[in-house]
1. Can you confirm whether the stretch 387-404 contains a residue that is assigned to a loop (DSSP other than H, G, I, E, B), in contact with a helix residue (DSSP H, G or I) (Cβ under 9 Å, 6 or more places away or on another chain), without any contact (Cβ under 8 Å) to a residue 12 or more places away in the chain and surrounded by fewer than 19 Cβ atoms within 10 Å (Cβ to Cβ)?
2. If you take just the strands (runs of 3 or more DSSP E) that sit entirely in the stretch 238-299, which of them hold at least 3 residues that are surrounded by 12 or more Cβ atoms within 10 Å (Cβ to Cβ) and not charged (D, E, K, R)?
3. Considering only the stretch 122-132, state which residues are away from the ligand (no atom under 12 Å from the Cβ) and surrounded by fewer than 24 Cβ atoms within 10 Å (Cβ to Cβ).
4. Among the residues in the stretch 342-359, are any assigned to a helix (DSSP H, G or I), among the charged types (D, E, K, R) and at pLDDT 95 or above?
5. Can you tell me how many residues within the stretch 300-310 are open to solvent by less than 50 Å² (accessible area, probe 1.4 Å) and within 16 Å of the ligand (Cβ to nearest atom)?
6. Among the residues of the stretch 320-344, write down those that are more than 9 Å from the ligand (Cβ to nearest atom) and among the β-branched types (V, I, T).
7. Which condition from (1) of a type in the set (D, E, K, R); (2) open to solvent by 10 Å² or more (accessible area, probe 1.4 Å); (3) touching a Pro at 6+ places or on another chain (Cβ under 9 Å) is the one that D229 breaks?
Amino acid sequence: MGAGLDPRVLRAIKVDLPKDRGHGDFATNAALILAKPLGQPPRAVAERLVALLSDPDLIARTEIAGPGFINFFLREDALSRRLGAMRSDPRLGVPLAPRPQTVVVDYSAPNVAKEMAVHHLRSTVIGDAVVRVLEFLGHKVIRANHIGDWGTQFGMLIAFLEQREGGDASAQGIPLGDLEAFYREAKRRYDEDEAFARTARERVVALQHGDPHCLEMWRRLVGITMEQDQRLYERLDVTLTPKDTMGESMYNDMLAPVVQDLRDKGLAVDDGGAVVVYSERSRNKDGQPLGIIVQKSDGGYLYNTTDVACVKYRVETLGADRLMYFTDSRQRQHLEEVWEICRRAGYLGEGVETEHDAFGMMLGKDGRPFKTRAGGTVKLSDLLDEAESRVRALLAERGTPEGGNLDEIAHHVAIGAVKYADLSKNRVTDYVFDWDQMLSFDGNTAPYLQYAWSRVRSIFRKAHEQPGEIQVGTPQEQELAAALINFPSVVGEVAQKAMPHLLCAYVYGVAGLFMRFYEACPVTKEGVDPAISRSRLALCDLTAKIIERGLGLLGIRVMEHM
Ligand code: ARG
């Protein structure tokens, strides 16, 4: 039924766990969403769906409610069997994608000779979680770290390097910890000193013409920045490696042929010296078609020219079926212009999905853009240092757990907290960075979930029985069970919508239902029937596995003792 439907329609379909179990174990709005594209009344679609989805081994009965919601009631024994199967499956019941795609995920994308700052954190952390989920589902993922490693600023940086080093230019002398200051000083010099600015402009031209000396210095600047960024990726437990770097410079040789091709196709025209493509979709403020410049009158290319070449490369050379861009919401118009040009030029066929997986800004607690006290950009490495020292202080209050390693706990809790705080909010909205909230051991936070996991694991150290066959009995067991079997569908939804917060909310929900179950249902207590004890241990085990895998897909570690 899904074939040929707009992916946006499919994305609107939801499967919920009704709060009131009188409405079933699952409910879906699928019939309401599909009614329009199918041109049929929702209740008629619901009836067809119910017939299609009937699975007597799993579903006891279904119910069509209201305008066309479908409620499913699971068979109790089916639930137990399904949970047992999930527990013994290394994939925890998550099926591989029936039609694996080649997905190019554009994320992180810091700029050379600049410190990676907090706004790159969002792209890096959210993009990396989605990458992990897509790979887990069997898609071929190509990580594309579209770093800002080309452009006129390199003339200024090279000229500045030369002068600092007294003619014998080398990037060796750049203080590793302070690229930002290096950049700032170069810029000041450029703005204040006309002779310096002239040299800088000469260096740009030399660099663009492949002058070996300029290229060598440019390479060093890129190398130093990326070495630093790589250390941050490792510290953050992000899966990006140097081979994923596909920066702007990579497309340099493709720009002239692309602009020529756009001209040949009649899309790009000369306009006052510049080369422009007129939009068919967007208008300028005078109501005329918007002119998108792809080559400046001085012959230089722009950020969007690179992105046009980049789409062409990703589709034609990398064979992408889906292009994902994790950049902040302000780049929406830029991307839409690029895609429009690519569609009209035939670089982007019907079968390729493009999506701007936009995110909002990172704000301080005062609701203003997140800055240092002095008003500067916050360095990511400083931020992570602070997270670790705050966690150490909190752990000192709690006392080191037996068998735990303080350094390891502090590191994983701090990194987990920072990442989870970002991941757990709907990425579309702005996000308020709040230390107290993210480091709390209560609520929807990484420390809470990491701790919940270690508590579930600790049950096994006291148990006399082994986990066995699951029999879902009490209401608390039923609720937990119904949530656990929903794991595969949540993972699928995260991949489709590129929304890791859905997985966070799910794992948090599971942890809460587990706590309720654990309070109400003795697991290892003296006097509990051994068969029930084994069943409950199996529920504990599956819960632990799902929390661990859920957090793992988000890029967050768990520790046995904490
Ligand atoms: N380097 C850019 C920035 O810092 C982000 C690049 C996003 N990707 C792209 N293909 N334009 O804002």
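1. yes
2. Where strands (runs of 3 or more DSSP E) fall fully within the stretch 238-299 and carry at least 3 residues being surrounded by 12 or more Cβ atoms within 10 Å (Cβ to Cβ) and not charged (D, E, K, R), they are 274-283, 289-295.
3. The one that is away from the ligand (no atom under 12 Å from the Cβ) and surrounded by fewer than 24 Cβ atoms within 10 Å (Cβ to Cβ): R132.
4. Scanning the stretch 342-359 turns up at least one residue that is assigned to a helix (DSSP H, G or I), among the charged types (D, E, K, R) and at pLDDT 95 or above.
5. Adding up the residues that qualify gives 7.
6. I341
7. Here D229 meets the rest and fails (2).
Per-residue answers, yes or no, for (1) crowded, with 20+ Cβ neighbours inside 10 Å; (2) at pLDDT 95 or above:
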| site | (1), (2) |
| --- | --- |
| L439 | yes, yes |
| A446 | yes, yes |
| A452 | yes, yes |
| R457 | no, yes |
| K462 | no, no |
| P475 | no, no |
| Q478 | no, no |
| I485 | yes, no |
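The values are calculated or read from the model by the stated rules, or taken from the named source; none is laboratory data. Remember, predicted model here, so these are calculated numbers, not experimental data. Cβ atoms come from the backbone with ideal geometry, glycine included; neighbour counts cover every protein chain shown. Only protein heavy atoms, including side chains, enter the accessible area calculation; ligands, DNA and RNA are left aside. Shrake-Rupley method; radii C 1.70, N 1.55, O 1.52, S 1.80 Å.
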